[in-house]
Amino acid sequence: MAEYQHDTIVPFKDSAASKKQQVAEMFDTIAFRYDFLNRFLSGGADIAWRKKAIRELREIDPKSILDVATGTGDLPIMMMKMLNPEQITGIDISDGMLDIGRKKISKLHLENQITLLSGDAEIILFGDNSFDAVTVAFGVRNFQNLEKGLAEMFRILRPGGKLVILEFSKPEKGLFLSFYKVYLRMIAPRIGKMVSGNLDAYKYLNDSVNAFPEGEVFTRILEKTGYKNCVYKKVSLGICSIYCGKK
């Protein structure tokens with residue numbers, strides 16, 4: 001499988017650990033402030049972005065959904081409210097994030113509908129054709145091998161099923177692009193360090209967003225991996241993009 005520049009971007013440049021191990025360690029470290037920083041750094045827009053992504057699944061009315069890189073469970077909780085599927089399973093490599101997600105789910109009494117499990121996007125422990133839909137919100141940038149992760153999600157998706165990915169992208173041009181670059185490179189890492197104590201995590205955010213193969217390039221990678229009818233939509237002047245593909 002091809003390697004992309006993004007596959008080599010890691011949170012801790014001096015570490016000998018794999019990208020996967022580094023990402024898990026990074027999220028364990030910032031888990032206690034992750035939800036707050038999402039809201040703060042996006043000005044609350046991340047909630048609207050997630051809702052737009054979830055609406056892409058309404059056409060197939062999925063009964064079983066796998067949320068990959070589920071983090072603290074924000075997307076499964078929103079999907080349960082908006083789509084009311086029978087079952088949502090979330091997987092993530094960070095136990096720290098999962099612990100917080102399970103507490104949120106328990107507080108909402110959704111334990112019977114939403115299950116969060118420790119799991120790796122590149123080795124998904126479910127059989128072929130297991131889910132009606134697969135979602136990833138701000139997680140594909142963290143895959144150690146992008147194509148391997150996409151291929152695994154394709155494998156466990158049922159024929160007729162749909163993949164929806166929400167990921168950061170870059171505005172195309174103009175003053176907004178200049179501001180966005182400064183914000184990601186200088187302002188977000190400093191705020192992240194003040195609130196979470198971890199500068200590397202938010203420097204990694206900037207580096208991984210810049211290296212990610214976005215837009216039409218990413219839809220071609222989806223097609224190469226087997227997905228059909230691949231499309232993308234830019235959100236909030238291009239800060240985020242929603243990618244969709246079907247099996």
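Odds and ends about this structure:
- Qualifying residue in the range 111-121 (condition: in contact with a helix residue (DSSP H, G or I) (Cβ under 7 Å, 6 or more places away or on another chain) and either in a helix (DSSP H, G or I) or within 19 Å of C244 (Cα to Cα) (or both)): yes
- Residue check, D92 in contact with a helix residue (DSSP H, G or I) (Cβ under 8 Å, 6 or more places away or on another chain), buried (at least 21 other Cβ atoms within 10 Å of the Cβ) and within 23 Å of R33 (Cα to Cα): yes
- Lone unmet requirement of (1) crowded, with 20+ Cβ neighbours inside 10 Å; (2) under 20 Å from S241 (Cα atoms) for R58: (1)
- Boolean, G127 is farther than 17 Å from K81 by Cα, more than 17 Å from the chain's Cα centre (by Cα), outside any loop (DSSP other than H, G, I, E, B) and not hydroxyl-bearing (S, T, Y): no
- Boolean, E147 is on the phi < 0 side of the Ramachandran plot, of a type outside the set (F, W, Y) and touching a strand residue (DSSP E or B) at 6+ places or on another chain (Cβ under 9 Å): no
- Residue that is surrounded by the fewest Cβ atoms within 10 Å (Cβ to Cβ) [pool: residues in the range 191-222 that are acidic (D, E) and assigned to a helix (DSSP H, G or I)]: E216
- Residue check for E56: out of contact with any strand residue (DSSP E or B) (no Cβ under 9 Å at 6 or more places or on another chain), touching a residue at least 12 places away in the same chain (Cβ under 8 Å) and within 19 Å of F154 (Cα to Cα): no
- Any hit, the range 97-111, residues being modelled with pLDDT of 95 or more, surrounded by fewer than 17 Cβ atoms within 10 Å (Cβ to Cβ), within 17 Å of Y34 (Cα to Cα) and not basic (K, R): yes
- Flag for V235 being at pLDDT 80 or above and either surrounded by 16 or more Cβ atoms within 10 Å (Cβ to Cβ) or in contact with a Pro (Cβ under 6 Å, 6 or more places away or on another chain) (or both): yes
- Qualifying positions in the range 152-190 - touching a residue at least 12 places away in the same chain (Cβ under 8 Å), surrounded by fewer than 17 Cβ atoms within 10 Å (Cβ to Cβ) and either among the acidic types (D, E) or assigned to a loop (DSSP other than H, G, I, E, B) (or both): E172
- Restricting attention to the range 1-38, the residues being part of a helix (DSSP H, G or I), in contact with a Leu (Cβ under 9 Å, 6 or more places away or on another chain) and of a type in the set (A, V, I, L, M) number 2.
- The range 116-130, residues that are closer than 19 Å to K162 by Cβ and buried (at least 24 other Cβ atoms within 10 Å of the Cβ): A121
- Reported count of residues in the range 41-55, each being surrounded by 15 or more Cβ atoms within 10 Å (Cβ to Cβ) and not aliphatic (A, V, I, L, M), is 5.
- Within the range 220-246, tally of residues that are more than 16 Å from the chain's Cα centre (by Cα), polar (S, T, N, Q) and within 21 Å of A133 (Cβ to Cβ): 2
- Hits in the range 1-27 - residues which are of a type in the set (D, E), surrounded by 13 or more Cβ atoms within 10 Å (Cβ to Cβ) and more than 16 Å from the chain's Cα centre (by Cα): E25
- Among the residues making up the range 114-133, those that are in contact with a Lys or Arg (Cβ under 6 Å, 6 or more places away or on another chain) and either under 25 Å from R58 (Cα atoms) or among the aliphatic types (A, V, I, L, M) (or both) are L116, D128, N129, D132, A133.
The values are calculated or read from the model by the stated rules, or taken from the named source; none is laboratory data. Since the structure is predicted, the reported quantities are computational estimates derived from the model, not experimental observations. All Cβ positions, glycine included, derive from the backbone under ideal geometry; neighbour counts span all protein chains shown.
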